Amino acid sequence: MKVTIEVDCTPEEARQFIGLPDIAPLNEEMVKHLSESVAAAAPNMDPAKIAEMWTPLNTQMIEQAQKAMWAMAGQTPKTENK
């Protein structure tokens, strides 16, 4: 025997039926606070400065990844003669 039960309700009705708390006001407050923070920081965001800050990190990460690959291969990387 096979029994199928179909429930037709909104997400809010399901939440209330299960007894979960209504976090909509908290969500609205968090979104408002986040929007205000982003709006306050937006004038200080210069794409060139952000890229400049990230470039050394990316270069260092690439170098570390290369060293790790060489170490896993059991070889030492070739260094440039200066």
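Some observations on this one:
- When residues of the range 24-64 are limited to those that are surrounded by fewer than 10 Cβ atoms within 10 Å (Cβ to Cβ) and modelled with pLDDT of 85 or more, the one farthest from E13 (Cα to Cα): A40
- Among the residues making up the range 8-53, those that are in a helix (DSSP H, G or I) and β-branched (V, I, T) are I18, V31, V38, I50.
The values are calculated or read from the model by the stated rules, or taken from the named source; none is laboratory data. What you see is a predicted model; the values in this text were computed from it and never measured. Cβ sites come from the backbone with ideal geometry, for glycine too, and all protein chains shown count toward neighbours.
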